[in-house]
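Here's the structure, in structure tokens; my notes come after.
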């Protein structure tokens with residue numbers, strides 16, 4: 001009885017946080033979209049869905065998500081194999097390089113691809129080719145983003161599959177390919193499905209990339225919601241679209257949870273270090289070099305071009321775009337503050353969001369440490385929701401709910417960190433929970449028998465063990481907060497932009513200087529995020545969470 | 001409280017006493033892990049709870065430590081009911097089965113943990129740690145990482161850690177369970193000597209009768225959450241109270257019998273019993289040492305089925321002409337060969353009239369799976 005009371009006490013803050021900043025805004029959106037004067041208006045759903053423009057957006061959203069997912073699997077599955085089975089010099093470095101894009105802000109990725117394939121981009125200079133008016137720019141950017149998702153999810157499992165299973169099949173008379181198809185592929189199936197769903201989910205709700213690379217031609221649901229709200233001020237339509245997206249995302253998340261459960265069934269797993277070997281024969285070397293080439297062209301080149309463009313001033317290479325970041329006057333007059341201020345805003349918001357996410361996520365993880373009944377599993381799943389629910393939904397929800405007393409946060413500095421923390425909490429919980437659950441309960445009992453009060457037990461036994469996980473969680477929450485765009489763009493005050501918001505604004509204006517400054521700001525943002533990630537990679541051990 | 005514990009509580013003041021402690025996992029109606037257990041332990045006494053796994057002995061320790069709440073009954077320590085006292089204020093020590101040393105602290109950090117929790121000064125901590133490490137035979141190990149210790153060394157550190165805060169009651173859960181046989185036999189002697197010197201009150205649980213008999217002043221045999229017998233090691237060994245206890249101790253010569261005066265009628269014929277046994281039907285144990293071999297024409301005629309060398313003696317399995325198989329122990333020199341015909345005579349001192357099995361514990365009459373069964377292995381042992 002007392003244990004349950006303690007649990008509920010720990011959960012009180014996370015529950016209030018989620019009720020106020022997630023459930024309430026989402027409910028308000030549903031209310032705004034589907035009711036009128038207290039009556040349900042389901043007719044609106046059919047009215048919005050009957051609009052050919054909206055249908056086009058919906059169709060494109062599904063199509064590009066499916067195409068991006070297929071393309072990502074095609075490009076990344078060989079990579080997953082290479083990372084799982086081959087041992088080669090520089091593997092650690094290459095693995096880190098592959099992971100960097102995943103934590104990069106969408107805005108940075110958008111500008112990097114603009115610098116590569118857009119007007120005046122590298123391809124334009126070399127061959128006069130431009131892709132930014134085609135859907136290819138969006139698809140390639142999505143592959144860039146999600147390459148790591150596939151390599152980590154599928155490759156992680158693949159590296160632990162016992163190769164002797166395949167050998168057993170070979171001895172029983174199966175050919176090389178037949179052995180792979182009948183033994184390895186079925187074992188990998190659920191992991192591939194989970195990765196594919198993850199990629200589909202991320203690209204289905206893609207916002208920053210499409211906003212920057214899609215131009216006026218291509219628009220996803222997420223971008224359309226933003227447009228309906230910010231440009232046309234058509235809140236009911238935006239709300240209906242949000243509801244549609246919310247339902248779709250819930251379906252995808254449920255499907256994902258199901259595949260994750262299936263992934264854990266009765267596989268023989270071995271230590272990954274034992275399964276990797278040097279490539280043998282021409283075919284394997286070709287595969288390795290092919291993978292390296294793909295990584296260089298698709299993952300490294302856009303970032304290099306971004307950095308190069310940020311130094312390519314009107315009068316040759318120089319730091320002019322960086323030095324002008326500090327003054328508001330040098331930008332055109334619509335930019336109310338110096339772009340460099342956005343860096344300090346971002347860091348301050350990011351720090352505050354990280355602190356909130358750590359407190360909320362940490363309390364939730366502590367309460368969920370002991371596996372419980374259906375209620376606890378439900379709460380566990382509830383905490384995951386913001387990860388999949390689109391950022392624009394959150395930002396839009398904040399906009400229409402937190403604007404009147406008693407919760408009038410419109411002018412509060414805390415509005416942005418609260419929204420960013422909402423996205424950070426799932427990362428904190430997912431990182432901490434496996435580590436906390438791995439602590440042997442009898443260690444806590446041993447400490448209690450020796451005279452440690454429950455609080456001392458937590459401090460003396462749990463904390464030393466989760467310290468590393470806590471740092472990793474903090475790093476992730478910080479990186480995610482720094483890059484957060486979809487929600488922040490709704491609620492950041494014009495005179496207090498974050499880095500991604502400032503980049504998007506600069507890109508939205510004409511002029512060489514604005515473009516160059518956008519590249520310079522994106523480079524800064526990339527350096528901060530990549531730095532955070534690389535620091536985490538050094539801390540990471542095999543047991544620290546799922547991300 | 002039963003009449004016997006009532007009587008004992010009045011004649012001496014127990015350090016720990018349990019009154020009708022009951023624990024059920026899984027709500028009402030579920031079988032009890034502890035079923036109305038009454039137990040008292042005097043200061044400086046070493047009590048060993050002996051029982052097969054699942055008999056509730058670990059739960060007993062957890063209830064006393066406050067790690068498991070009792071569904072009913074009272075736990076009283078030095079006259080104070082512990083119901084509302086949380087684990088960390090009970091002032092008892094518990095040594096876990098697999099030690100549960102804190103992996104991120106070194107040996108000294110582990111041993112000093114309890115002292116730190118009590119707010120002891122740094123100097124006092126250091127002094128106590130050094131003393132205890134000397135005492136358990138690990139001088140100078142203070143700065144070693146616990147991961148680098150062998151099983152026996154970990155066991156010693158765990159003991160030092162449990163002793164450091166001077167608990168009024170020290171509890172040991174299978175203290176030597178994970179160590180190999182030679183080390184166990186040495187450590188159990190060391191432990192008893194140590195507890196005697198320090199005057200520690202000890203409540204230990206184990207499934208190993210050798211460990212229990214070597215360590216304890218008093219042995220408590222548990223069966224299905226209840227107490228089947230308590231007594232000194234000698235009493236329990238010589239006079240097992242029930243068939244369950246007898247079979248748990250490895251005695252398999254148990255048969256139906258009817259006592260009349262100084263003799264009992266059994267499937268093996270008439271067996272002499274000591275004076276004082278109640279007349280009527282009962283279960284009867286003949287300890288193997290009480291089965292004496294005679295020439296075939298002098299006693300119950302038997303055929304030797306198998307012969308197993310046991311170090312100090314030879315265990316024989318005999319098939320009498322009537323009744324179930326009989327186990328006998330004889331000296332190394334005069335053991336007959338399998339197939340040989342012998343006669344058997346029973347010694348009254350080694351015949352024990354057993355009490356009825358504990359109420360509510362059906363199915364305990366069967367052979368104990370943990371005890372060696374000669375019938376199954378006898379053929380290969382020759």
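Over all directions, what mean area does the Cα convex hull of the stretch A:42-315 project, stated in square nanometres?
Details: hull surface 73.0 nm².
Quarter of the Cα hull surface area: 18.2 nm².
Where the convex hull is taken over the Cα atoms of the stretch B:77-170, what is its projected area averaged over directions, in nm²?
In nm², the orientation-averaged hull projection of the stretch B:77-170 is 6.4.
For A:100, A:296, A:394, A:30, which order do you get if you count the other beta carbons within 10 Å of each Cβ and list the fewest first? Each step should come with its number before you reach the end.
On the way: A:100 19, A:296 13, A:394 27, A:30 16.
Ordered by Cβ neighbours within 10 Å, fewest first: A:296, A:30, A:100, A:394.
Kirkwood hydrodynamic radius, the stretch A:42-119, all distinct C-alpha pairs: what's the number in Å?
Details: mean 1/r = 0.0614 Å⁻¹.
Taking every pair of different Cα atoms in the stretch A:42-119, averaging 1/r and inverting gives 16.3 Å.
Any idea what % of Cα-Cα pairs in chain A are farther than 45 Å? Each step should come with its number before you reach the end.
Numbers: 24627 of 149331 pairs.
For chain A, the fraction of Cα-Cα distances above 45 Å is 16 percent.
Just the number, please: Stokes-Einstein D of the stretch A:1-152 in µm²/s, Kirkwood Rh from C-alpha pairs, 37 °C, 0.692 mPa s. The partial results should precede the final answer.
On the way: Rh = 20.2 Å.
Using the Kirkwood radius from Cα pairs, D works out to 162 µm²/s.
Can you give the Rg and Dmax of the stretch B:18-81 based on its C-alpha atoms, in angstrom?
Rg, Dmax (Cα atoms, Å): 11.9, 38.
Could you tell me, in Å, what Rg and Dmax come out for the Cα atoms of the stretch A:430-515?
22.0, 70
In Å³ and rounded to a whole number, note down the convex hull volume per residue for the Cα atoms of the stretch B:1-148. Please report the intermediate quantities before stating the final value.
Details: hull volume 23.5 nm³, N = 148.
Output value, Cα hull per residue: 159 Å³.
Using Stokes-Einstein with the Kirkwood hydrodynamic radius over Cα pairs, what translational diffusion coefficient do you get for the stretch B:199-305 at 25 °C and a viscosity of 0.890 mPa s, in µm²/s rounded to a whole number? Could the numbers behind the result be given before it?
Details: Rh = 16.0 Å.
Roughly 154 µm²/s, to the nearest whole number.
Taking the alpha-carbon set of the stretch A:122-242, what are its Rg and Dmax in Å?
21.3, 67
What are the extents of the Cα atoms of the stretch A:447-489 along their three principal axes, listed from largest to smallest and rounded to whole Å?
52, 17, 7
Express the relative contact order of chain A as a whole percentage, based on alpha carbon pairs under 8 Å and six or more residues apart in sequence. Before the final figure, lay out the partial values.
Details: 742 pairs, mean separation 120.0, N = 547.
Relative contact order for chain A comes out at 22 percent.
Which whole number in µm²/s is D for the stretch A:88-181 by Stokes-Einstein, with the Kirkwood Rh taken over Cα pairs at 10 °C and 1.306 mPa s?
Working: Rh = 16.3 Å.
The diffusion coefficient I find is 97 µm²/s.
By count of other Cβ within 10 Å, fewest leading, how are A:519, A:465 ordered?
Working: A:519 28, A:465 18.
Result, fewest neighbours first: A:465, A:519.
What do you get for Rg/Rh of the stretch B:108-217 when both radii come from the Cα atoms and Rh is the Kirkwood radius?
On the way: Rg = 13.9 Å, Rh = 14.5 Å.
Looking at the stretch B:108-217, the ratio lands at 0.96.
With 39 Å as the cut-off, how large is the P(r) tail for chain B, expressed as percent of Cα-Cα pairs? It would help to have the intermediate numbers written out before the result.
Details: 20646 of 72771 pairs.
Value for chain B (Cα pairs over 39 Å): 28 percent.
Could you list A:166, B:337, A:484 in order of exposure, starting from the residue whose Cβ has the fewest other Cβ atoms within 10 Å?
B:337, A:166, A:484
Semi-axes of the stretch B:68-115's equivalent ellipsoid from the Cα gyration tensor, sqrt of 5 times each eigenvalue, largest first, rounded to whole Å? Present the calculation step by step, with values, prior to reporting the outcome.
On the way: eigenvalues 157, 32, 14 Å².
Semi-axes (√(5λ), whole Å): 28, 13, 8.
Which distance in nm do the two modelled labels at residue A:467 and residue A:509 give, with both placed 7 Å along the Cα-to-Cβ direction?
Result: 4.7 nm between the two label points.
Over all pairs of distinct alpha carbons, what does the Kirkwood formula give as the hydrodynamic radius of the protein assembly as shown, in Å?
Numbers: mean 1/r = 0.0297 Å⁻¹.
Computed over Cα pairs of the protein assembly as shown, the Kirkwood hydrodynamic radius comes out at 33.7 Å.
Using just the C-alpha positions of the stretch B:251-354 as equal point scatterers, what log10 of I(q)/I(0) does the Debye formula give at each q in 0.09 1/Å?
-0.21
Just so you know, all these numbers are worked out from the coordinates, no wet-lab data involved. Note that the structure is predicted; figures quoted are calculated from it, not measured. When we count neighbours, we look across all protein chains shown, and the Cβ atoms used for this are built from the backbone with ideal geometry, even at glycine.
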